[in-house]
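Below: the structure, in structure tokens.
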Amino acid sequence: LPCELIDDNGNKLHACVKKYIQLWGLSDAFAQWVETENQFCNTLVDRIVTGFPAQDADACFERIGCVDPLLDTAEPYHLWVIEGDFENEFPLRQAGVNVIWTESAAPYKKMKVRILNGLHTSMVFPGMLSGLVTVADCMNDPLLAAYNKRILEKRILPTLEDSEEIKAFASAVKERFLNPYLHHRLASISLNSVSKFTVRILPTLKDNSSATGEIPKEFVLALAALIHYYKKEEAQDDAAAIAYIRSNRVCDILSNAALWSEDLSFLRPLVEECTGVLNTKGIGEALEWSFT
């Protein structure tokens, strides 16, 4: 079922299931069983999966003794957050799965989206404009590594609860990003970045501004680099969004609430300043600008 049908309490998914029971002409007994014997649990999963390992495929095929066109690559880390507690009925922990049973997945979603996804979306266009290919490349580049460190420690973590769980997750994310075997391509992360910016970065940016009275320049760079890349390179996003960004001024792009779900004109002075640095001096100077 489409993930957009699921909300924080499973109500939309439940309604969708009932709709299909009717459309498919399933029995009243089955409908009754769904209503009385099932619970619809909101969940969160976290594991980086990078797809078919083209550069390592032959070695993998030799190791497993056959050619498998469905071969996939995933990191060792995994997390599954499930609302409810059904360990007795579904003994995932006993099976060795890193599962968290909880009353609400919302805090874990916020942690994951702001830390892991927020870092991904912040680094992707500065990284690509720097000529880098993977997340690990960014983590091993002095300027990008310093940029990521500032965003995590100065911008993201202060907006989250000061807990050992969040600190441990942030530490694990840094280690995961450095995994030399994962080959997590920036081009893959860059898909649909306009909508990703509104979900993964904008709330953290606004929380920082509310707390400090200043707009965090690191996130301004992330946005300016996105716009700069969409104007000059082959981006992968909604065709209308790409066309609008390519053919309009920064002031019009930022004020277009259809792109960002709200008017971002309050960012205009800094985005235009950063865009000027990108156009005249390049991404290296723009990264240095974000540190000031």
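Here are the numbers for this structure:
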| read-out | value |
| --- | --- |
| T212, T275, reordered so the largest accessible area comes first (probe 1.4 Å) | T212, T275 |
| The range 98-210, relative contact order [Cα under 8 Å, separation at least 6], % | 43 percent |
| Sparse-neighbour loop sites [GluC sites (Glu not before Pro); the range 227-292; at most 16 other C-beta within 10 Å; DSSP] | E233, E234, E262 |
| GNM top mover of K149, K174, K281 - the chain, alpha-carbon springs below 10 Å | K281 |
| Three-way shape call for the range 176-292 based on the alpha-carbon gyration tensor, with the a/c threshold at 1.5 | rounded |
| Lys/Arg +1, Asp/Glu -1 at C-beta; the chain dipole; positive extreme among A145, A243, G284 | G284 |
| When each of K174/K217; K154/K281; K110/K217; K109/K167; K109/K206; K149/K174 is checked by Cα-Cα distance, pairs over 20 Å | K174/K217; K154/K281; K110/K217 |
| Most mobile of T280, T50, T159 in a GNM of the chain (Cα contacts under 10 Å) | T280 |
| Net charge dipole size for the chain [Lys, Arg +1 and Asp, Glu -1 on Cβ; Debye, nearest 20] | 820 debye |
| Expected 222 nm ellipticity per residue - DSSP helices of 4 or more, -39500 (n - 2.57), all of the chain, to 500 | -15500 deg cm²/dmol |
| Unit charges on C-beta of K, R, D, E only; dipole of the range 1-160, Debye | 780 debye |
| Rough spin-label spacing in nm, given labels placed 7 Å along Cα→Cβ, for T102 and E153 | 2.6 nm |
| Length gained when the stretch E165-H78 is fully extended (0.36 nm per residue, less Cα-Cα span) | 29.8 nm |
| Residue-level accessible surface for F291, protein heavy atoms, 1.4 Å, Å² | 50 Å² |
| Exposure of S209 as accessible area (Å², to 10), given a probe of 1.4 Å and all protein chains | 30 Å² |
| Whether the range 37-170 is rounded, prolate or oblate, judged on the alpha carbon gyration tensor where a/c under 1.5 counts as rounded | oblate |
| Qualifying aspartates and glutamates (Cα of each under 12 Å from Cα of K112; at least 8 residues distant if same chain) | D46, E165 |
| Correct choice for volume of the Cα convex hull per residue in Å³ that was computed from the model, options [x] 182; [y] 127; [z] 153 | [x] |
| GluC sites (Glu not before Pro) within the range 60-143: DSSP coil, no more than 14 neighbouring Cβ in 10 Å | E87, E89, E103 |
| Centre separation in Å (Cα based) which lies between the range 198-212 and the range 223-292 | 17 Å |
| In degrees, nearest ten, helix 268-280 long axis to first principal axis of the chain (Cα) | 70 degrees |
| Whether the range 166-208 is rounded, prolate or oblate, judged on the alpha carbon gyration tensor where a/c under 1.5 counts as rounded | oblate |
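The values are calculated or read from the model by the stated rules, or taken from the named source; none is laboratory data. Every value quoted in this text rests on a predicted model; they were computed, and no experiment measured them. With ideal geometry, Cβ positions are generated from the backbone for all residues, glycine too; neighbour counts draw on all protein chains shown. The protein model used for the area step is the full one, side chains on, heavy atoms only, and it has no ligands, DNA or RNA in it. Shrake-Rupley method; radii C 1.70, N 1.55, O 1.52, S 1.80 Å.
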